[in-house]
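The values are calculated or read from the model by the stated rules, or taken from the named source; none is laboratory data. All of these numbers come straight from a predicted model, not from anything done at the bench. In this analysis, Cβ positions are derived from the backbone assuming ideal geometry, glycine residues included, and neighbour counts consider all displayed protein chains. Please note that ligands, DNA and RNA were not included when accessible areas were found on the heavy atoms of the full protein model with its side chains. Shrake-Rupley method; radii C 1.70, N 1.55, O 1.52, S 1.80 Å.
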Amino acid sequence: MAKRRKRRASSSNRRGMACIAVVVMMLLTVLLTQSHTLERKNTSYREQSAQLEEQILEEQVRAEDLRRLPEYTQSQEYIEKTAREKFGLVYPDEILFKAAE
């Protein structure tokens, strides 16, 4: 009779260990899947961060250009360029050559 109890306890311990092993395997599978998903998101965020840093630099350059714009529009170079492009003005000693059509 004592042997039967030991066998029952032994077989129930094996079943319990098997159930625990199955649960642990399922948890490992879920954790590995989540880890892979998080790694992909992390890579995506790193790429996005690099793109945003590049945009920040571009906007800083643009902001500097805009800060200099009022000064440039008051310069003689800008006035001459605008007069040539918009009004076709030239200096009196300049000779213009136009292509024949």
Of the listed residues (LEU69, LEU52, LEU27), the one being open to solvent by 100 Å² or more (accessible area, probe 1.4 Å) and of a type outside the set (Asp, Glu) is LEU27
message = Taking the criterion of being modelled with pLDDT of 90 or more, in a loop (DSSP other than H, G, I, E, B) and open to solvent by 100 Å² or more (accessible area, probe 1.4 Å), would at least one residue in the stretch 90-100 satisfy it?
response = no
Within the stretch 16-39, identify whether any single residue is at pLDDT 95 or above, among the charged types (D, E, K, R) and assigned to a helix (DSSP H, G or I), and answer yes or no.
yes
For the stretch 80-89, the count of residues that are in a loop (DSSP other than H, G, I, E, B) and loosely packed, with under 11 Cβ neighbours inside 10 Å equals 1
